[in-house]
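**Q** For reference, the structure I am asking about is given below.
Please treat every number below as a calculation from the coordinates, not as lab data. None of these values were measured; they are calculated from a predicted model. Neighbour counts run over all protein chains shown; Cβ positions are idealised from the backbone, glycine included.
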């Protein structure tokens, strides 16, 4: 961090401390003129695995309740894009059912099952180990928490960037229900239902369901076929049991089914074919000008993306005494996907794939929580998870090679099976060792064991003859390997907290995180098999911040600065081992390539400007820099040297993210309420590829949204209307880079301007 930025960070922190800020999000009813409406509600979070006020937690956390999600027009988890400093959360590249999450520049966009995400996703304390199935619809959500920075002590592995916690409604606490219908642009139609009530003094139940559909915003100009659409059905049922004040149990069953067509992008670079007789042939020129939202594909209309995601969760709590609480969290999940992905996003068959996986995951966590009622709280726990992910993949590339204009057929089939066993033990203590001073420390031990088996078969064929000999069929082969590897890690955390007043606190912290090692799931040759294992990545993050609120409760805010040091940073690259050969070898290794430093500043705040006027803002600043990146393609003497590759910029790490939102409430004459609001979110230039391909970058842009909400006098009826991307801004959100194969560099775009109207009945 240069001196200017450092002085700005220190100035902001001191300034916020002097003016009594804190971090919070508005929630609650919109009641103009009432005492409640003139104060911002207290926000309770579980960032440290127990309920605490957001003000008391020395963790960078943003929390959103149901009303917050409505105002942010967030119907799915990716609707939080722009609402959290230094957060990038979008639909996965080429996938209708996955979500790519980057926090402070750290995440993992690759959905391959052998590559773990860098941000942990939790629903009702159950870890979702795949980014597939994590594009969650918010149909019965009580609260979403976004924890920024490594969470290695309390949340374990694969949380080097942070964690997202989703808590769904409890039938005892959220009795009643609602029915909601939505229509909107691009064929959007949605229905949501929630109903809960007590069956007896000790038993309560709830059911929630959602039906979501849209036609997508990309189409085929010739056939009218629609892409990037959605057709999702989801249901969640809960049964809660409270036989006494000392025991609580909740059983949850959920099921989601999605049928979608292809998720299409736009080829940004010239697509190329290698012809044995003619040399390199351009199949399609590079994209130019604005995107017209038309696309072509080589896949037929019967090739789409299907997903089934279901689970069973049992959570139990015992109050063992006035001071001890015991928790048991049991989860079983299953995920089935069949996804056709047109990686090259064209009518040519260069990078067309089928990815089908069948994941099973079982986890068990036990926690013991202690609270002496005054100055000492602690959490101890053990965790176990077993995951099995068999998959079948097919890659089609009949247009990649040719001989005198005659295509050379190519098919690769992959069958693999990954089993992961993860065990952990952890402890965390929070101690108020002196008035206004708190020390928190924790340690987690994790052991991961992965067992991987893989078989890759490659098939070449051609109807053409070249001097009576075609080299490609001779390259047909099957490569198989098995591997077993284990890794252990200690991930400590420590924080020191000072309460300057009863409304202003400051803290400093240090946290270590790690992301598990693994096997390269694209090791397709004997050479790659020999180097198929990659090691874990580790990070230390050092953070200082302040949180506070005004004495009248009308202002809350927070400010922090952090430094993160990553070692053995994992990166997937695309290279050609022998580019001058008539049959070049393509490779997609996962490298422990980098040492990475990320510095940043984050600001959040909300203020009541009048009886019913709320202003909120979030600002994030990042300075991300590779200190080392071991990539042989940067060496001019290397056969696969690529002059178009650089690592000057860390992907998904825009220098600045910012959002400002304004909400105005009006009390109508008949007792009903009207709220009108809008927001503007800014994102600086963002690189979408590890290799810093210029066509896979997005210049700075700003998005605008507007909404209005009408509530009947008794809050029985609610009508909402809104528009997102008001100016119809064209912007890229993801990039897919396989430049070694046909020069594939594909960009994926965010939603166009779209409006909606929702009607809700509460009962």
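**Q** Over the Cα atoms of the range 634-681, how large are the radius of gyration and the largest Cα-Cα distance (Dmax), in Å?
**A** Answer for the range 634-681, Rg first and Dmax second: 25.5, 78 Å.
**Q** Using alpha carbons only, how many angstrom separate the centre of the range 213-239 from the centre of the range 106-133?
**A** Between the Cα centres of the range 213-239 and the range 106-133 lies a distance of 23 Å.
**Q** For helix 3-18, what angle does its Cα long axis make with the longest principal axis of the chain, in degrees from 0 to 90 and rounded to 10?
**A** Taking the Cα atoms of the chain, the angle to 3-18 is about 20 degrees.
**Q** Please report, in whole Å³, the volume per residue of the convex hull around the C-alpha atoms of the chain.
**A** 148 Å³
**Q** How high is the relative contact order of the range 156-222, in percent, with contacts defined as C-alpha pairs under 8 Å that are six or more residues apart?
**A** With pairs under 8 Å counted, the relative contact order is 27 percent.
**Q** Ranking request for peptides 478-487, 408-417: highest mean number of other beta-carbon atoms within 10 Å first, then the rest in descending order.
**A** In decreasing order of mean packing, 478-487, 408-417 become 408-417, 478-487.
**Q** How do the peptides 624-631, 433-440 rank, highest first, by the average count of neighbouring beta carbon atoms within 10 Å per residue?
**A** Final packing ranking: 624-631, 433-440.
**Q** Counting just the Cα atoms, what span does the range 304-457 cover along each of its three principal axes? Round to the nearest Å and put the largest first.
**A** 82, 32, 27
**Q** For the chain, what does the helix formula give at 222 nm: sum of -39500 (n - 2.57) over DSSP H segments with n ≥ 4, over the residue count, nearest 500 deg cm²/dmol?
**A** Here the helix-only value at 222 nm equals -1000 deg cm²/dmol.
**Q** So for 503, 333, 323, fewest C-beta neighbours within 10 Å to most, what's the order?
**A** 323, 503, 333
**Q** Fewest first, what order do 505, 608 take by the number of other Cβ atoms within 10 Å?
**A** Ascending Cβ contact count within 10 Å gives the list 608, 505.
**Q** Can you pull the three principal axis extents for the Cα set of the range 653-741, in Å, largest first?
**A** Answer, in whole Å and largest first: 65, 25, 19 Å.
**Q** While we're here: Order of 649, 332 from fewest to most other C-beta atoms within 10 Å?
**A** Fewest-to-most ranking of 649, 332: 332, 649.
**Q** What is the packing order of peptides 559-568, 541-550, 186-195, taking the mean over residues of other C-beta atoms within 10 Å and listing the highest first?
**A** 541-550, 559-568, 186-195
**Q** Also: Which whole-number percent gives the relative contact order of the chain, counting Cα pairs below 8 Å spaced six or more residues apart?
**A** Computed over the chain, the figure is 13 percent.
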